[in-house]
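To keep things clear, I will list the structure first and then write my remarks on it.
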């Protein structure tokens with residue numbers, strides 16, 4: 001994820017962001033991201049975001065080959081014997 005540093009932010013904007021962040025129980029950085037998203041018109045409802053994420057899990061499942069997994073008890077014993 002990219003990073004952004006804003007210099008010389010007007011005090012009134014900073015105070016408003018801080019106030020909104022406190023109301024929404026967010027960090028200042030989280031609130032800034034939400035505000036920028038709304039300003040750019042690229043918001044996505046949390047429910048839609050969750051549905052998209054769940055759908056991606058169904059479309060790209062992680063395949064586990066349980067035949068090749070080591071025995072956890074054996075790994076613990078080896079670790080304790082070190």
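Read the figures in this text as sums done on the coordinates, not as results from a lab. A quick note: this is a predicted structure, and the numbers were derived from the prediction, not measured.
Given springs between every Cα pair under 10 Å in a Gaussian network model of the chain, which of 12, 60, 68 has the largest fluctuation?
68
Against the longest principal axis of the chain, how steep is helix 28-40, in degrees 0 to 90 to the nearest 10, with axes from Cα atoms?
Value to nearest ten degrees: 70.
Which angle between 0 and 90 degrees, to the nearest 10, do you get for helix 11-23 versus the longest principal axis of the chain when only C-alpha atoms count?
Taking the Cα atoms of the chain, the angle to 11-23 is about 50 degrees.
At a temperature of 20 °C and a viscosity of 1.002 mPa s, determine how fast region 8-82 diffuses translationally according to Stokes-Einstein, using the Kirkwood radius over alpha-carbon pairs as Rh; express D in µm²/s, rounded to the nearest whole number.
Approximately 125 µm²/s, per Stokes-Einstein.
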